[in-house]
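Take a look at the structure set out below.
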């Protein structure tokens with residue numbers, strides 16, 4: 001094991017002792033420390049393939065086994081990196097932030113408990129969107145999921161990293177109701193009403209008595225979530241809406257200013273996302289079909305691609321859910337709002353319960369085809385995302401787009417971007433698509449990303465999540481009162497995890513014992 005990545009302060013002998021301890025409580029079939037095992041837990045989209053190598057992995061399948069693993073980690077001061085299914089591609093996937101950590105793979109924990117009366121579900125970390133979708137179909141349950149653009153991941157993992165879908169329940173983290181958590185000292189707690197022994201309201205009321213802890217375990221390293229309650233959307237009576245295409249980059253301003261008020265009024269209750277032409281085109285064509293010239297695509301090539309597939313510079317899908325008569329009234333409002341800003345195309349769509357429904361994110365159907373975009377350049381494709389939060393203001397959105405688009409051109413990259421609506425914010429998701437077999441391109445990604453972070457910080461915009469490489473960088477931008485938020489986070493971290501064994505560095509939160517690793 002001489003070439004095995006080691007945690008700070010470890011020897012190969014000490015790691016081997018820890019491995020044998022894991023085998024004693026889990027069995028050898030759930031402990032993975034061979035070279036092939038370590039390779040399988042690397043970040044498939046890593047910008048730097050030499051970073052974030054794990055020492056190995058363990059895969060408990062019960063809460064008791066998770067507690068036993070945590071006990072051993074404390075005994076050896078061995079860092080653990082929990083993953084649900086490890087499908088958070090573009091943000092680190094299965095890899096740990098701190099090299100030499102042991103991946104705590106929870107993908108084998110797959111229990112589902114469903115309350116058919118109220119449409120609530122309790123899932124374990126390994127339950128994927130396809131698993132839950134199949135469960136709902138098998139039991140003929142009248143509820144819809146809110147699936148992300150690539151749905152092979154964990155329902156829990158998506159909610160705990162503030163992932164989004166496309167239905168009225170699109171902000172999945174807001175649908176969390178009650179968690180079961182193994183703390184870094186091995187103690188098991190339940191949040192909200194779950195703390196009341198024998199309560200039958202655990203998934204009915206998220207707050208309980210005293211501080212509400214559910215969101216404290218979102219994007220943090222304060223505990224290992226082993227069960228999560230979640231609210232699901234009742235199957236609507238009808239769905240109505242439209243797919244709308246706009247011709248010019250500058251149409252973004254009018255789109256945001258027309259859709260934003262409807263979202264804030266809750267005429268629109270979904271989470272629509274304005275996407276540029278490449279988001280649509282990259283799943284049906286590749287760059288080399290259009291040009292072999294390096295650098296960012298010219299306007300002529302962009303126009304040719306758009307003409308071929310009849311897509312706008314920007315497109316957005318708007319959907320209304322619920323009672324048919326209500327949807328009909330809201331549709332008139334929606335149709336006028338879009339017509340007033342002169343789109344190049346409006347394509348209506350409608351569905352009534354009992355009819356065959358489209359298989360898309362708008363109907364809560366799991367899908368994976370959007371990941372086809374990583375083949376845009378050919379080679380071993382990958383991407384990372386730069387995703388600042390903006391106010392829901394058309395002028396500010398257009399200004400941010402213009403700054404970002406200019407940077408893409410400056411760095412010779414093709415721009416894929418979108419603006420996803422919350423009720424009062426926009427998430428500006430910019431995908432950096434790359435070809436890992438192109439050394440020149442790969443050498444640009446890190447400085448390009450850091451430039452975008454600096455540009456956004458100058459405007460007062462921070463990211464809502466980020467890749468492992470940039471967690472310290474992004475955490476540092478949340479700098480009010482000399483970084484008071486990070487000090488609070490690390491005070492809580494040291495209180496709950498005095499040995500610093502759980503996901504050190506996650507979201508820029510470092511335990512006192514490993515503070516020297518910050519920024520490494």
Checklist entry - Does residue 424 meet the test of being outside the structural domain of residue 219 (by TED's automatic domain parsing) and over 15 Å from the mean Cα position of the chain (by Cα)? => result yes
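Residue-by-condition table, conditions (1) free of Cβ contacts under 8 Å to residues at least 24 places away in the same chain; (2) over 24 Å from residue 72 (Cα atoms); (3) in contact with a helix residue (DSSP H, G or I) (Cβ under 6 Å, 6 or more places away or on another chain):
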residue: 459; (1), (2), (3): no, yes, no
residue: 464; (1), (2), (3): no, yes, no
residue: 489; (1), (2), (3): no, yes, no
residue: 495; (1), (2), (3): yes, no, no
residue: 499; (1), (2), (3): no, no, yes
Item to check | The lone exception for residue 236 - which of (1) assigned to a loop (DSSP other than H, G, I, E, B); (2) in contact (Cβ under 8 Å) with a residue 40 or more places away in the chain; (3) surrounded by fewer than 19 Cβ atoms within 10 Å (Cβ to Cβ) it fails | outcome: (3)
Next on the checklist: Filter region 288-304 down to the residues that are closer than 23 Å to residue 439 by Cβ and loosely packed, with under 13 Cβ neighbours inside 10 Å and list them by number.
Outcome noted: 288, 292, 293, 294, 295
Checklist entry - Hey, among the residues in region 56-76 that are assigned to a loop (DSSP other than H, G, I, E, B) and out of contact with any helix residue (DSSP H, G or I) (no Cβ under 6 Å at 6 or more places or on another chain), which one's farthest from residue 99 (Cα to Cα)? => result 62
Checklist entry - Of all strands (runs of 3 or more DSSP E) completely enclosed by region 342-399, which ones contain at least 2 residues that are farther than 26 Å from residue 310 by Cα? => result 381-386, 389-391
Next on the checklist: Take residue 200 and tell me if it is at pLDDT below 95 and either under 18 Å from residue 114 (Cβ atoms) or under 18 Å from the mean Cα position of the chain (by Cα) (or both).
Outcome noted: yes
Checklist entry - Of all the residues that make up region 18-48, how many are in a helix (DSSP H, G or I) and in contact with a helix residue (DSSP H, G or I) (Cβ under 7 Å, 6 or more places away or on another chain)? => result 5
Item to check | Residue, modelled with the lowest pLDDT, within region 244-274, restricted to residues that are surrounded by 21 or more Cβ atoms within 10 Å (Cβ to Cβ) and outside any helix (DSSP H, G or I) | outcome: 271
Checklist entry - Looking at region 347-362, which of the residues that are within 17 Å of residue 270 (Cβ to Cβ) and modelled with pLDDT of 95 or more is surrounded by the most Cβ atoms within 10 Å (Cβ to Cβ)? => result 351
Checklist entry - Can you tell which of 471, 441 is surrounded by 16 or more Cβ atoms within 10 Å (Cβ to Cβ), in a helix (DSSP H, G or I), in contact (Cβ under 8 Å) with a residue 12 or more places away in the chain and touching a helix residue (DSSP H, G or I) at 6+ places or on another chain (Cβ under 6 Å)? => result 471
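The values are calculated or read from the model by the stated rules, or taken from the named source; none is laboratory data. Owing to the predicted nature of the structure, the values given are computational and were not obtained by experimental measurement. Note: ideal-geometry Cβ built from the backbone for every residue, glycine included; neighbour counts use all protein chains shown.
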